[in-house]
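Have a look at the structure below, then the notes.
The values are calculated or read from the model by the stated rules, or taken from the named source; none is laboratory data. Please read all numbers here as calculations on a predicted model, not as lab measurements. Here the Cβ positions follow ideal geometry from the backbone for every residue, glycine too, while neighbour counts run over all protein chains shown.
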Amino acid sequence: MITRAFRMKLKPGTVDEYKRRHDELWPDLAAALKEAGIHDYSIFLDEETLHLFAVLKLAPDNKVEALPGQPVMKRWWDHMADLMEVEPGNRPREWPLRPMFYFA
């Protein structure tokens, strides 16, 4: 099992809408994430900085690198682009986080 963590950033005034859209996650996007080998995926908000911290588990044989080419992923990025900092093509800007401590 592979654990991946990264940071993203919301734009001011978008917290409630970001939460609402994720509460209504599209079933075809959820299926694409599962098919890519992603599970146990959580996103946390630092309300002071508007930074989002995502942590997810990847199956050893994951296909996460193929997700950017999936039409549903591109539609989701377009749907979320008005709420967060994005790259060209509306992919959310991501900053990888280095593991520092783990307790099991």
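Which condition breaks for Gly37 when tested against (1) touching an Asp or Glu at 6+ places or on another chain (Cβ under 6 Å); (2) on the phi > 0 side of the Ramachandran plot?
Checking Gly37 against (1) touching an Asp or Glu at 6+ places or on another chain (Cβ under 6 Å); (2) on the phi > 0 side of the Ramachandran plot, the one that fails is (1).
Would you mind finding the one in Glu24, Glu48 that is without any contact (Cβ under 8 Å) to a residue 12 or more places away in the chain and either in contact with a Phe, Trp or Tyr (Cβ under 6 Å, 6 or more places away or on another chain) or within 24 Å of Met100 (Cα to Cα) (or both)?
Glu48
Of everything in the range 64-104, what is closer than 18 Å to Phe6 by Cα, more than 15 Å from the chain's Cα centre (by Cα) and either at pLDDT below 95 or surrounded by 10 or more Cβ atoms within 10 Å (Cβ to Cβ) (or both)? Give them in sequence order.
Matches in the range 64-104: Tyr102 only.
Collect the residues in the range 53-71 that are within 15 Å of Leu25 (Cβ to Cβ) and touching a Phe, Trp or Tyr at 6+ places or on another chain (Cβ under 7 Å), keeping them in residue-number order.
The answer is Ala54, Leu56.
Taking Leu52, is it within 18 Å of Ala5 (Cα to Cα) and either modelled with pLDDT under 95 or surrounded by 14 or more Cβ atoms within 10 Å (Cβ to Cβ) (or both)?
In short, yes.
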